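Chemist: Quick one: the structure is below, and I'll ask about it shortly.
The values are calculated or read from the model by the stated rules, or taken from the named source; none is laboratory data. No experiment lies behind these values; they were computed from the predicted model shown. Using ideal geometry, Cβ is built from the backbone for each residue, glycine included, and neighbour counts are taken over all protein chains shown. We work out accessible area using only protein heavy atoms, side chains counted, and drop any ligands, DNA or RNA first. Shrake-Rupley method; radii C 1.70, N 1.55, O 1.52, S 1.80 Å.
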Amino acid sequence: MSVAFTKEGDSEAFAADLLDRPISPHPNLVTPEGLARIEAALAQARAAYGAAQAGGDVAQDRTAMARATRDLRYWSARRASAQLRERDPAVGDVQFGGTVTFDREDGRRQTFRIVGEDEADPTQGSVSYVSPVARALLGKGVGDTAMVAGGEVEIVAISAD
């Protein structure tokens, strides 16, 4: 189809119809740091929304308004559903908010902190409590073994980080 037959605003209309970010069906457990990150993201979304509104001509930058509105909805919902969980220092097993170190069969040693979904970043050493690795390790103690990614791992350390 020739460009002559399209409306100039079509790309802007498409941008305004951004899909909402998916909300996990799992409880929104958060560490104190995770709650602070959600609150910071919510403040940033509010600021972006205010900036988009203050731009004066919303029709001119519908993409910015759509993104700001979507992010504001997402972070508002995540903040409203956040359930703060702190690690119980009396429990020595792997638990939410704690850090676990384990050895794999191939000799690799890995360390992960088990956190909420919004704060998980495996490249930075944190995994979501609903991830397969966390599910396999939660409730286990030092010396216990678990199946992770088709291989056996042995827990060698647990800390409260």
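Chemist: Ignoring ligands, DNA and RNA, what accessible area per residue does the chain give at 1.4 Å, in Å²? Walk me through the intermediate numbers first.
Modeler: Numbers: 9620 Å² over 161 residues.
Here the residues of the chain average 60 Å² of exposed surface.
Chemist: Considering Cα pairs under 8 angstrom that are at least six residues apart, work out the relative contact order of the chain and quote it in whole percent.
Modeler: After rounding, I find 22 percent.
Chemist: Also: Cα axis of helix 62-81 to longest principal axis of the chain: angle in degrees, 0 to 90, nearest 10?
Modeler: The answer is roughly 30 degrees.
Chemist: Using only Cα atoms, tell me the angle between helix 32-54 and the longest principal axis of the chain; keep it within 0 to 90° and round to the nearest 10.
Modeler: 0 degrees
Chemist: Would you mind working out the magnitude of the charge dipole of region 22-161 relative to its Cα centre, with +1 at each Lys and Arg C-beta and -1 at each Asp and Glu C-beta, to the nearest 20 Debye? Walk me through the intermediate numbers first.
Modeler: Working: 16 positive and 19 negative charges, 112 e Å.
Dipole of region 22-161, to the nearest 20 debye: 540 debye.
Chemist: Among the DSSP beta bridges whose two residues both lie in region 93-143, what percent are antiparallel, rounded to the nearest 5? Could you put the intermediate results ahead of the total?
Modeler: Numbers: 6 of 9 bridges.
That works out to approximately 65 percent antiparallel.
Chemist: Counting pairs of Cα atoms in the chain, how many percent are more than 18 Å apart? Mind dumping the intermediate values first?
Modeler: Details: 8589 of 12880 pairs.
When every Cα pair of the chain is considered, 67 percent fall beyond 18 Å.
Chemist: Also: For region 85-161, run through the trypsin sites (Lys or Arg not before Pro) and keep only the ones in DSSP coil with at most 13 other Cβ atoms within 10 Å of their Cβ. Numbers along the way, then the final one.
Modeler: On the way: sites: ARG85, ARG87, ARG104, ARG108, ARG109, ARG113, ARG135, LYS140; in loops: ARG85, ARG87, ARG108, LYS140.
Counting only loop positions with at most 13 other Cβ atoms within 10 Å, the trypsin sites (Lys or Arg not before Pro) in region 85-161 are ARG108.
Chemist: A further question follows. Quick one: pull the percent of accessible area on the chain belonging to carbon and sulfur, 1.4 Å probe, ligands and nucleic acids left out. Intermediate values should be presented prior to the final figure.
Modeler: Values: 5020 of 9620 Å².
Carbon with sulfur: 52 percent of the solvent-accessible area.
Chemist: Quote the accessible area belonging to GLU33 in square angstrom, nearest 10, computed with a 1.4 Å probe and with ligands, DNA and RNA left uncounted.
Modeler: In the full protein context, GLU33 sits at about 90 Å².
Chemist: Starting from a Cα-only point model with no solvent, please compute log10 I(q)/I(0) by Debye for region 62-129 at q = 0.18 1/Å.
Modeler: -0.80
Chemist: Next up: Taking the Cα centre of region 77-161 as the origin and placing charges on Cβ (Lys, Arg +1; Asp, Glu -1), which of GLY97, SER128, GLN83 is farthest toward the positive end of the dipole?
Modeler: With unit charges placed on the Cβ atoms, the residue in question is GLN83.
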